[in-house]
Amino acid sequence: MLLIKCPWCGERAETEFSCGGEAGITRPANPDSLTDAEWADYLFMRKNPRGAHAELWNHSLGCRRWFGVERDTVTYRIAKTCKLSPGKTD
Amino acid sequence: MNYSAFSLLRNALSHNRGWREAWRSPEPKRKYDVIIVGGGGHGLATAYYLAKEHGVRNIAVLEKGWIGGGNTGRNTTIVRSNYLWTEASLLYEKSMQLWEGLSQDLNYNVMFSQRGVYNLGHTLQDMRDIERRVNANRLNGIDAEVVSAAELRKSIPYLNTSPEARYPIIGASLQRRAGVARHDAVAWGFARAADKLGVDIIEQCEVTGINRAGGRATGVETTRGTIEADKIGVVVAGNASVLASMAELRLPVESHPLQAFVSEPLKPVLDTVVMSNAVHGYISQSDKGELVIGAGIDAYTGYGQRGSFPTIEHAMQAILELFPVFSRVRMLRMWGGIVDVCPDACPIISKTPVDGLYFNCGWGTGGFKATPGSGWVFAHTIAEDRPHELNEAFDLKRFETGALIDEHGAAAVAH
Ligand SMILES: Cc1cc2nc3c(=O)[nH]c(=O)nc-3n(C[C@H](O)[C@H](O)[C@H](O)COP(=O)(O)OP(=O)(O)OC[C@H]3O[C@@H](n4cnc5c(N)ncnc54)[C@H](O)[C@@H]3O)c2cc1C
Ligand SMILES: [Zn+2]
């Protein structure tokens, strides 16, 4: 069982959270001018790294807020969690 | 050595000292016509059909661990072909037809047992989806039936079909030709048969880089040195993104742990396979008597071959909902594999922007059943440098064109 530190509520069991996947995927600023390949990249392609991964998590059974998590995908160790700030993704 | 009743008898008489290794362990050559990265069932089947159907003779399979140590040897072995969409069901049905002759073809008993697979429906909507899928299957010439709760009560006596159940069972789909196979035997059988056709199976050989020149793949870097190749087929399941990044490609897959469990061995109690998307679990009984149980993927991505405890608890709740009679059964072992999940729950069997580099991945939670068929179409794709008509729709380009094949309904938890 992972213990995850919600930046607002503190450490809670993983069952209170849902994982929102890769962080830092920015919505295209000019959707009308995107090629099909660029859309595919934005919608579907993922880094899926083996090792350090920047993720978004939601404290869905708690304060219901989104926050950032840096987690290792092999050891599952969480290096840090942080509040999200506009324009900043890590 | 050909395996037969006669060879069994002869070796028994010589105290079983005459058995040979099932495949060689050669040193890697400097260069191959085709290199297959990944010695799971899919990679070994690809090498086998390349040699058998396409006459390619100079092939190596590079495996970082040991043969069948990945998902091939970790899955719950359900084989079926009752997928919803035509593209998917024809691909899985090709595989089913290969399964039906596989033990003979490989001269290796893969213990393919067509004991039937039931997909339970618990709500009116479940039943409508089941009826739709069964009709779609029949239109594609695949055997499928809708069965009622009364029939279930007769054929699976310990299943809780009481209307008082928390998630009452109203009916199910049944594919009678579906069933299970012995997973290790599939890997070993393909390895042995490929080796016989001259394929070099090289274990303990991790690919660490993909060499390219002028937009073409030229070979791989490995922990056992550089190996050149005209063509490279990558079939590494959960590690697909890692290999793709070696060639600066991006894939739409994410790797998740998927767990399975077996109980202590019991007397025969369940002679078919039962799965339920609604309570999220599935179960069969192995020939050794163990209950083989699985559930959904872990919620977060991961490359550790183990899963989280909440998922275990969830799987057990689901099984006890279906079979309260198993409440006192003790579980013996649990483990995880890393599955490469695709957004539309369908595989990618495709050429890539790099010439001579081919990827076969995205099978997620349900690729064991596809092992022979996946190898068969991937071998064609590599040998001919174009997809077979059965895997044309499974191109990487579908994420650009939008022609996804949404199999979540038929595939989600159901492996
Ligand atoms: C718990 C569980 C239950 C499942 N249940 C079912 C089921 O009931 N029915 C079903 O149809 N499917 C099921 N699946 C899915 C199925 O197991 C997979 O889709 C299928 O086995 C994938 O086949 P493969 O040969 O590509 O994978 P693998 O056997 O994982 O082969 C990939 C190989 O690539 C190797 N590799 C990775 N990186 C490298 C590298 N850099 N260099 C060299 N080699 C490398 C790995 O060591 C591995 O041996 C299940 C999976 C799991 C984990
Ligand atoms: Zn919180």
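Quick notes on this structure:
- Distance from the Cα centroid of the stretch B:167-190 to that of the stretch B:297-339 is 18 Å (rounded to whole angstrom).
- Area of residue A:80 that stays accessible when all protein chains are in place (1.4 Å probe, Å², to 10): 100
- Protection proxy ranking, highest mean first, for peptides B:61-67, B:10-16: B:61-67, B:10-16, where packing is the per-residue count of other beta-carbon atoms within 10 Å, averaged.
- Interface size A-B, as summed buried accessible area [1.4 Å probe, Å², nearest 100]: 2200
- Residue B:122 accessible area, assembled protein chains, probe 1.4 Å, Å²: 10
- Averaged over its residues, the stretch A:7-90 has an accessible area of 60 Å² per residue, based on protein heavy atoms and a 1.4 Å probe.
- Karplus (6.51, -1.76, 1.60) ³J(HN,Hα), θ = phi - 60°, over the stretch B:190-201, in Hz, Gly and Pro reported as x: 5, 4, 5, 5, 5, 4, 4, 8, x, 6, 7, 9
- Additional length obtainable on full extension of the chain from residue B:107 to residue B:197, 0.36 nm per residue less Cα span: 31.1 nm
- Set of the stretch B:164-193 residues, backbone N closer than 14 Å to the point 7 Å along the Cα-Cβ line of residue B:150: B:171
- Relative contact order, percent, the stretch B:1-109 [alpha-carbon distance under 8 Å, six or more residues apart]: 21
- Share antiparallel - DSSP beta bridges, the protein assembly as shown, percent rounded to 5: 75
- Apportionment of accessible area to carbon and sulfur, the protein assembly as shown, percent (1.4 Å): 52
- Across peptide B:319-332, the mean count of Cβ atoms from other chains lying within 10 Å of each residue's own Cβ comes to 0.
- Those lysines that a straight Cα-Cα span of less than 25 Å connects to residue B:31, excepting residues fewer than 8 apart in one chain: B:52, B:64, B:196, B:231, B:351
- Accessible-area order (highest first, 1.4 angstrom probe) of the listed residues B:3, A:76: B:3, A:76
- Residue by residue along A:17-23, Cβ atoms of other protein chains within 10 Å of the local Cβ number 2 on average.
- Mean accessible surface per residue for chain B, computed with a 1.4 Å probe while every protein chain stays in place, in Å²: 41
- Peptide-level mean, for B:398-407, of C-beta atoms on other protein chains within 10 Å: 3
- Relative contact order (percent, whole number), chain B, Cα cutoff 8 Å, 6+ residue spacing: 22
- Between the stretch B:236-281 and the stretch B:33-62, the Cα center-to-center distance that results, in Å: 23
- Dipole magnitude of the stretch B:175-279 about its Cα centre (Cβ charges: Lys, Arg +1; Asp, Glu -1), debye to nearest 20: 420
- Listing of the stretch B:285-314 residues, each with accessible area lower by at least 10 Å² in the full protein assembly than in the chain alone (probe 1.4 Å): B:299, B:300, B:301, B:302, B:303, B:304, B:306, B:308, B:309, B:310
- Close amide H partners of residue A:74, meaning residues 5 or more places away or on another chain with modelled amide H under 5 Å apart, are A:51, B:303.
- Rel. contact order, % - alpha carbon contacts under 8 angstrom, at least six apart, the stretch A:1-81: 30
- Degrees, to the nearest 10: B:124-139 long Cα axis against longest axis of chain B: 50
- Helix B:371-384 axis versus longest C-alpha principal axis of chain B: approximately 30°, rounded to the nearest ten.
The values are calculated or read from the model by the stated rules, or taken from the named source; none is laboratory data. Because the structure is a prediction, the values reported are computed rather than measured. When we count neighbours, we look across all protein chains shown, and the Cβ atoms used for this are built from the backbone with ideal geometry, even at glycine. Remember, those area values only see protein heavy atoms, side chains included, never the ligands or the DNA or RNA. Shrake-Rupley method; radii C 1.70, N 1.55, O 1.52, S 1.80 Å.
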